[in-house]
Amino acid sequence: MKIKVCGNRDISQLKELDDPVAMGSRIDYAGLIFYKQSPRYVLKDLAGKDVRDLKLSIEKVGVFVNATEEEIMRQVADFGLDIVQLHGDETPSFCQHISDQIKVIKAFRIGDHDTNIDWLVKEYDEVCDYYLFDKGAPGLYGGTGQKFKWDLLRNANIGKPFFLSGGIDISDANDLREIKHPFFHGVDINSRFEISPGIKDMDKVKNFVNDLKRETV
């Protein structure tokens, strides 16, 4: 199971996430948020050169919400991003334009009511590389620290690798291992592993990651 640690804005912590010896296991993705309304907005603290010069081996994921293609591709170049996560109301056509240039994770916000996952993703099957499912609602673009009903994913006809996000905390390792969907690719952790917005509790991250990966080997 892959691990994505999102909402980073500290250079020393990015270096640590990139070090499997320090973490005790490999972290697969580091998320950088480019949404100005987020308390984890990376440009408050870091410039592209700061991150690009680290030459990280971990894959860097830029998270965007209803940004323009020009803005996205500028930050891809400035930060040396490997993947773009589209977390807003982006259309399939827009996703196609971006995925022609870089790998794309399309995020979907799942509300409190039962959601037909198959219908939700249908038009995006050919225009992105991964899906991500998060808690949310119209006009609410993630960062809720809450979970949706994970049971909705168990029988969904998803034919693309997907991440699970939203309110995951250190106590969820066992429940995550119980999700047996063949395309369950990884988990996205964020606010429940923080000291303050964008500053991670690295011991908590390390303990969770090693617990989760040790049990799934």
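The values are calculated or read from the model by the stated rules, or taken from the named source; none is laboratory data. Keep in mind that this is a model prediction, so the values were computed, not measured. Glycine gets a Cβ as well: all are built from the backbone with ideal geometry, and neighbour counts include every protein chain shown.
Please give the strands (runs of 3 or more DSSP E) falling wholly within the range 155-217 in which 1 or more residues are in contact with a Ser or Thr (Cβ under 8 Å, 6 or more places away or on another chain).
In the range 155-217, the matching strands (runs of 3 or more DSSP E) lie at 184-189.
Evaluate the following for ILE110: is it modelled with pLDDT under 95 and buried (at least 19 other Cβ atoms within 10 Å of the Cβ)?
Here the answer is yes, as ILE110 does meet what is asked.
Which of the following residues is closer than 26 Å to LYS15 by Cβ, within 19 Å of the chain's Cα centre (by Cα) and of a type outside the set (Asp, Glu): LEU86, LEU56? Reasoning before the result, please.
Details: LEU86 fails: closer than 26 Å to LYS15 by Cβ.
That would be LEU56, the only listed residue that is closer than 26 Å to LYS15 by Cβ, within 19 Å of the chain's Cα centre (by Cα) and of a type outside the set (Asp, Glu).
Determine whether the range 94-106 contains at least one residue that is at pLDDT below 95 and either assigned to a helix (DSSP H, G or I) or over 19 Å from VAL205 (Cβ atoms) (or both).
No, the range 94-106 contains no residue that is at pLDDT below 95 and either assigned to a helix (DSSP H, G or I) or over 19 Å from VAL205 (Cβ atoms) (or both).
So in the range 190-210, with the set limited to residues that are surrounded by 15 or more Cβ atoms within 10 Å (Cβ to Cβ) and aliphatic (A, V, I, L, M), which one is farthest from GLY7 (Cα to Cα)?
Checking each candidate, the answer is VAL209.
Can you confirm whether GLU16 is over 21 Å from ILE105 (Cβ atoms) and either among the aromatic types (Phe, Trp, Tyr) or surrounded by 14 or more Cβ atoms within 10 Å (Cβ to Cβ) (or both)?
For GLU16, the condition - over 21 Å from ILE105 (Cβ atoms) and either among the aromatic types (Phe, Trp, Tyr) or surrounded by 14 or more Cβ atoms within 10 Å (Cβ to Cβ) (or both) - is met.
Mind counting the residues in the range 50-73 that are more than 20 Å from GLU16 (Cβ to Cβ) and either at pLDDT below 95 or exposed (fewer than 14 other Cβ atoms within 10 Å of the Cβ) (or both)?
5
Do you know which of the residues in the range 177-189 that are at pLDDT 95 or above and either touching an Asp or Glu at 6+ places or on another chain (Cβ under 9 Å) or not aromatic (Phe, Trp, Tyr) (or both) is surrounded by the most Cβ atoms within 10 Å (Cβ to Cβ)?
ILE189
With the checklist (1) in contact with a helix residue (DSSP H, G or I) (Cβ under 6 Å, 6 or more places away or on another chain); (2) surrounded by 20 or more Cβ atoms within 10 Å (Cβ to Cβ); (3) over 19 Å from ASN207 (Cβ atoms) in hand, flag the one item ALA30 doesn't pass.
All conditions pass for ALA30, except number (3).
Look at the range 113-143 and say how many of its residues are surrounded by fewer than 17 Cβ atoms within 10 Å (Cβ to Cβ) and modelled with pLDDT under 90. I'd like the intermediate steps shown before the answer.
In the first step, residues of the range 113-143 are kept if they are surrounded by fewer than 17 Cβ atoms within 10 Å (Cβ to Cβ); the result is 113-114, 116, 118-119, 122-123, 125-126, 129, 137-140.
From what is left, the residues that are modelled with pLDDT under 90 are 113-114, 116, 137-140.
So the count comes out to 7.
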